[in-house]
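Rule-based calculations on the coordinates, nothing more; no lab input. Only a predicted model underlies this, so the values are computations on that prediction, with no experimental measurement involved. Reconstructed Cβ throughout: ideal geometry from the backbone, glycine too, with neighbour counts over all protein chains shown.
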Amino acid sequence: MITATQGKKINMVGFEKTKAFLKEVLDRNVLNEDIKPYYENTYNILTINLNLQKEVINLVDQYDSFINKKRGEDNNRFFPDDVDFVQSILAQLDYIQYKQLGNSIKGFDDFSYINEDLNTNSRVQEYVTPEVKGYIKEFSKDKEVLHQEIQKITYFKEQDKLTKEEHIDKVKERYNEMQRTYLQGLKEDIRNLD
């Protein structure tokens, strides 16, 4: 699983360049109607995931700013509202990561088709660079790994049907339950110190 700071630092150049290629091919209207939906779908998925990545960067910046303030001005003192704020940030990041992985899974087969199309369709070959071709190959590789990654952050039945707010609330409830369980175990350990 990727941490928030790692998520912020993910290099999105491949996503940006691939999106630009897809847009150019779509704008130039060089696609047959039977393959055009594959290109449109992957373009839309990349657009959504890039926008979600901007949210990740914003949330991590908010978190970093908040933590630096707590360390500097508040001597690392956290109050219930502070814990709720941190939980909200982390739950939003969890939601975004879940959505990005889900989108990648949804677009996988379309990227696989485009990857094959790039080898045979002379109408698009003139627009694709070897670099972008490599990115598309990566987007269409290891679907099982994507499924494994999303399973690591799937905590609830029908999680993919939750709204953002429902997801955040459920993740925060999960955090609180984990904390209660941890504290109960800690209390038992303290009682048994004799």
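Observations, loosely collected:
- Between 0 and 90°, nearest 10: helix 143-152 axis offset from the chain longest Cα axis: 20 degrees
- Peptide ranges 94-103, 22-31 listed from the most packed, as the mean C-beta count within 10 angstrom indicates: 94-103, 22-31
- The chain - percent relative contact order, Cα under 8 Å, separation 6 or more: 28 percent
- Of the residues Thr129, Asn75, Ser88, the one whose Cα sits farthest toward the positive end of the charge dipole of the stretch 69-194, with +1 on the Cβ of Lys and Arg and -1 on the Cβ of Asp and Glu, is Asn75.
- Count Lys and Arg as plus one, Asp and Glu as minus one, and take only other residues whose Cβ is under 12 Å from that of Glu166; the net charge is then -1.
- Estimated inter-spin distance, Glu131 and Asp160, nm [label 7 Å along Cα→Cβ]: 3.3 nm
- Phe85 versus Gln148: modelled label distance in nm, points set 7 Å from Cα along the beta carbon direction: 3.8 nm
- For the stretch 113-127, putting each phi into the Karplus relation 6.51 cos²θ - 1.76 cosθ + 1.60 with θ = phi - 60° gives couplings of 5, 4, 4, 5, 4, 5, 7, 10, 9, 5, 5, 9, 4, 6, 9 Hz, in residue order, rounded to whole numbers and with x for Gly and Pro.
- 3J(HN,Hα) couplings calculated from phi for the stretch 163-170 with the Karplus curve 6.51 cos²θ - 1.76 cosθ + 1.60 (θ = phi - 60°) are, in sequence order, 6, 4, 5, 4, 4, 4, 4, 5 Hz; Gly and Pro show x.
- The slack between Lys187 and Arg123, meaning 0.36 nm per residue of separation minus the straight C-alpha distance, is 16.2 nm.
- Restraint check, Lys36/Lys143; Lys17/Lys54; Lys106/Lys152; Lys23/Lys54; Lys141/Lys170, Cα-Cα greater than 27 Å: Lys141/Lys170
- Contour minus Cα-Cα distance for Tyr175 and Glu40 (0.36 nm per residue): 44.8 nm
- Dipole size of the chain about its Cα centre, with +1 on Lys/Arg Cβ and -1 on Asp/Glu Cβ: approximately 260 debye, rounded to the nearest 20.
- The chain: angle of helix 130-139 to the longest principal axis, Cα-based, in degrees nearest 10: 50 degrees
- Length added when fully stretched, Ala20-Ser65, from 0.36 nm per residue minus Cα-Cα: 12.9 nm
- Neighbourhood charge, 14 Å Cβ-Cβ cut-off, centred on Asn75 and excluding it, Lys, Arg +1 and Asp, Glu -1: +1
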